[in-house]
Amino acid sequence: QVQLVESGGGLAQAGGSLRLSCTASEHTFSNYNMGWFRQAPGKEREFVGAISSRYTGVTRIADSMKYRLSISRDVTKNTVTLQMNSLKPEDTAVYYCVAGSRLGREQHEYEYWGQGTQVTVSS
């Protein structure tokens, strides 16, 4: 059973930074690409970023956010971290950690999803 545990969500100010973490089992962390999607109120779920399995570290970031986001893996903690800077109110959304066999930008490419963590950015 693949479990993805997200943490780090909450309330932030516009212009500030926030770090989201996703912890998985060692098996999941070692064998799957991991990433993040988000869903804002009234909007469709969208790709945020992803990183390949531990040995390659290739990343994909949504074009609209690539100058404000970074994604990394900590092999000692089996954790993937999404660092978001220069936050905007439109970043308000539920952020989902995902794991999958493909390093893509589409939802169907990720077999496993976390429960989601709420991020709210106030202006």
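The values are calculated or read from the model by the stated rules, or taken from the named source; none is laboratory data. Please read all numbers here as calculations on a predicted model, not as lab measurements. Cβ sites come from the backbone with ideal geometry, for glycine too, and all protein chains shown count toward neighbours. Just the protein is used for accessible areas: all its heavy atoms, side chains included, with ligands, DNA and RNA removed. Shrake-Rupley method; radii C 1.70, N 1.55, O 1.52, S 1.80 Å.
Dipole size in debye (nearest 20) for the range 43-123 around its Cα centre, Lys and Arg Cβ +1, Asp and Glu Cβ -1? Mind showing how you got there, number by number?
Numbers: 11 positive and 9 negative charges, 50 e Å.
With Lys and Arg at +1 and Asp and Glu at -1, about 240 debye.
Which value, in Å², gives the accessible area per residue of the chain when a 1.4 Å probe is used on the protein heavy atoms?
53
When only Cα pairs under 8 Å and 6 or more residues apart are kept, what is the percent relative contact order across the chain?
RCO, the chain: 35 percent.
Go through 27, 17, 4 and say which Cα lies farthest out towards the positive end of the charge dipole of the chain; charges sit on Cβ, +1 for Lys and Arg, -1 for Asp and Glu.
Of the listed residues, the answer is 17.
Quick one: Cα centre-to-centre distance for the range 90-123 and the range 4-67, in angstrom?
Going from one Cα centre to the other spans 6 Å.
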